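The values are calculated or read from the model by the stated rules, or taken from the named source; none is laboratory data. Quantities reported herein were computed from a predicted structural model and do not represent experimental measurements. Please note: Cβ atoms are built from the backbone with ideal geometry, for glycine as well, and neighbour counts cover all protein chains shown.
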């Protein structure tokens, strides 16, 4: 366990926002979490910062930052067709996906190049190109921050939903994820190619995990900014869900509106399309802006801060509500 005082978190969040934290603790082993619990370190203001890929930090955080850096990937069990793999919280998510593809373990390849650590993947129930980790997650292990005991939550207990989980709600700041376990295919892979233009990006006769991963990476890089170059937190808003009745009314008025059926009664609408129709694509507000290729992504052009980004987000929300009657919901976590 390593402890630092008055640390700028700019390099620890994908939005590249400067944030001065009172104290930062690097957790190098899960046993150190138990020690911190016994010392009462989770009774005062704190934040578990695991990759910093889906949050908007304030300019100052008067509390303790816990940053897990313990790593490891283990094959727990393998049969002819399936494999069970456990990955620790400090492993970079895309490194884990790459490892799975190299070992010909299928199920996560559509989630290539999503930023962040494996410890935060269940928090958002990350997803892309028709896949979500909820489809492959078996269970989550972690430490109960009230008593320091190790606990295991099965998939159903994680309450995984669209960019949501029990870790964002009932267990927020109450559970420190230490590892996650997945059930993957080791043979006869079930490829998910129906979403967007993924299928057309795959070369005929070469459909394998590696080909899909490379296609996903190419598509993401063509549309999304690289956080190493332009600070961003990926999709800033969720794709809103509306009733089929509302969706049909909007379709009659805007025939080109992208709709994605959820069930017989509800549809999702592409939030990026709504934002673009309101004229925000490529626009700036100070150093905060909307990405020029994907309106769903807000970016930091250099020295933006939380207030500026939230002001821009509020203006976008108001525009969409006024034009379409739809309320956007933020996907990112706003840290106070």
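Couple of notes before you dig in:
- Checklist (1) surrounded by fewer than 16 Cβ atoms within 10 Å (Cβ to Cβ); (2) touching a strand residue (DSSP E or B) at 6+ places or on another chain (Cβ under 8 Å); (3) within 30 Å of residue 310 (Cβ to Cβ) applied to residue 78, failing item: (3)
- Boolean, residue 41 is surrounded by fewer than 18 Cβ atoms within 10 Å (Cβ to Cβ) and touching a helix residue (DSSP H, G or I) at 6+ places or on another chain (Cβ under 8 Å): no
- Scope the stretch 1-24; condition assigned to a loop (DSSP other than H, G, I, E, B) and closer than 29 Å to residue 311 by Cα; matching residues: 9, 13, 14, 15, 16, 17, 18, 19
- Single match in 321, 315, 293 (criterion: exposed (fewer than 15 other Cβ atoms within 10 Å of the Cβ), outside the structural domain of residue 53 (by TED's automatic domain parsing) and modelled with pLDDT under 95): 293
- Residue list for the stretch 295-312, filter: within 14 Å of residue 227 (Cα to Cα) and within 19 Å of the chain's Cα centre (by Cα): 297, 298, 299, 300
- Enumeration of residues in the stretch 263-277 that are closer than 29 Å to residue 299 by Cα and either buried (at least 19 other Cβ atoms within 10 Å of the Cβ) or free of Cβ contacts under 8 Å to residues at least 24 places away in the same chain (or both): 267, 269, 271, 272, 273, 274, 275, 276
- Considering the conditions (1) surrounded by 22 or more Cβ atoms within 10 Å (Cβ to Cβ); (2) assigned by TED's automatic domain parsing to the domain that holds residue 197; (3) closer than 15 Å to residue 179 by Cβ, residue 97 is excluded by exactly one of them, (3).
- Here is the figure for the stretch 62-75: residues that are surrounded by fewer than 20 Cβ atoms within 10 Å (Cβ to Cβ) and within 21 Å of residue 141 (Cβ to Cβ) total 7.
- Highlighted here are the strands (runs of 3 or more DSSP E) found entirely within the stretch 25-89 that include at least 2 residues which are under 30 Å from residue 106 (Cβ atoms), within 20 Å of the chain's Cα centre (by Cα) and assigned by TED's automatic domain parsing to the domain that holds residue 147: 82-88.
- Residue count, the stretch 230-257 (criterion: within 26 Å of the chain's Cα centre (by Cα) and surrounded by 15 or more Cβ atoms within 10 Å (Cβ to Cβ)): 14
- Any hit, the stretch 220-229, residues being crowded, with 18+ Cβ neighbours inside 10 Å, within 24 Å of residue 68 (Cβ to Cβ) and out of contact with any helix residue (DSSP H, G or I) (no Cβ under 9 Å at 6 or more places or on another chain): yes
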